[in-house]
Amino acid sequence: MEKQKKIEHLEDAYGVVNLEMMEAFTSADGISGCEKQATRVMKHFITPFVDEVTYDNLGSLIALKKGNGKGPKVMLSGHIDEIGFVVRAIDEKGFIRLAPVGGWWGHVLLSQPVIITTRSNAKFVGVIGSKPPHGLPPEVRSKVMEVKDLFVDLGVKNKEEVELLGIKPGDMVTPKSEFTIMANPNYLMAKAWDNRVGALIATQVLMNLKDVKHSADVYAVGTVQEEVGLRGAKTATYAVKPDLGIAVDVTVANDMPGSEPGTKMGVGITLAVQDSSHLGHRGLLDLLADLSKELKLDVQYDTLLAGGTDSGELHKSFDGVVNCTLSIPARYIHSHRALIHRKDYCDTITLLTEFVKRVDWDLIEKLRSSNR
């Protein structure tokens, strides 16, 4: 009983979390190129708190909270697409072959449920087929199946029944998973934390700015098609034309068995030194580290050796944009279920809310000159 009381106390320690909003964001089905359901959720929650909501021509949502009309532009970017599949083919027995959208590892897919969304927005649940282990030779049991060899079983008799459902090649296929509060309620499990958590944080920062005076025009952007090449970040950056940009994305949590020492969940602020797509602006990283210390927020640094973020396109647009990435450590990303910690979520919102309040032209020029 005493142990449970301690866990409940921890749950209250990191600020208010809108669990309804979290569930709505993560439950939306929206693979790269099909993000409309997800951006509509973001639009629903953010519209009452901003001055305008627009879209670029790829579909990235751009929400603006205006400053005093004399300040710079700050862009907070969280990609809103998730990895998934599209229907590649339907065989005569009604089994559906898949084409991946984003990076998948075959080990995490067998026997997992998926949702197929038709062009009329009808949804059907299927399961990725698997063979029972009985009688399988060792070399088959130990082999990782390639996505091209996997299939979805809808529980139908033949191809004709699939077609009667309105399912066609190109239809979106997403993981089916439930938003779950874990045994310690600071740990939250859902699909699509990569990267609805970034879009959630950008949304909450603008919600926090309601009735707050600030110099900068602050943009919360739910970018599209990040998982297939950072595409939405490029077009959205050209639409916003920011003077400073911060991407918020997940990173790999290394605090579990079999992992090398590295980034941990539940620390608070994670500053990304680099990933395969960008090097964080040193002046901005130092400023955010100092502000974190002022706000009594703990900091760790992340170097992601594989994978990129929206910063990869954001920082090299125009003649260069002052930019870095804030990371949210997550376990089991690019699968049906990932875990985040609410301290990382809440502390990142606290830091960004205070930071954007302080951004003015003097700060922008100081950061620009720090690289010269």
Scanning segment 196-221 residue by residue, those within 19 Å of ASN18 (Cβ to Cβ), assigned to a loop (DSSP other than H, G, I, E, B) and in contact with a helix residue (DSSP H, G or I) (Cβ under 6 Å, 6 or more places away or on another chain) turn out to be LYS210
Within segment 220-242, of all residues that are closer than 24 Å to LYS366 by Cα and out of contact with any Gly (no Cβ under 9 Å at 6 or more places or on another chain), the one surrounded by the most Cβ atoms within 10 Å (Cβ to Cβ) is PRO242
Selection from segment 88-108 of residues in contact (Cβ under 8 Å) with a residue 40 or more places away in the chain and of a type outside the set (A, V, I, L, M, F, W, C) yields ARG88, ASP91, GLU92, LYS93, GLY94, ARG97, PRO100, GLY102, GLY103, GLY106
Picking from GLY78, GLY106, GLY102, the residue that is touching a Ser or Thr at 6+ places or on another chain (Cβ under 8 Å) and outside the structural domain of SER27 (by TED's automatic domain parsing) would be GLY102
Selection over segment 232-252 where residues are within 23 Å of LEU287 (Cα to Cα), part of a strand (DSSP E or B) and not polar (S, T, N, Q) yields a count of 7
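This table checks each residue for (1) exposed (fewer than 13 other Cβ atoms within 10 Å of the Cβ); (2) under 26 Å from ASN195 (Cα atoms); (3) not acidic (Asp, Glu).
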| site | (1), (2), (3) |
| --- | --- |
| ASN121 | yes, yes, yes |
| PRO137 | yes, no, yes |
| LEU150 | no, yes, yes |
| GLY166 | no, no, yes |
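The values are calculated or read from the model by the stated rules, or taken from the named source; none is laboratory data. Note that this is a predicted model, so its numbers are computed, not measured. Backbone-built Cβ (ideal geometry, glycine too); neighbour counts: all protein chains shown.
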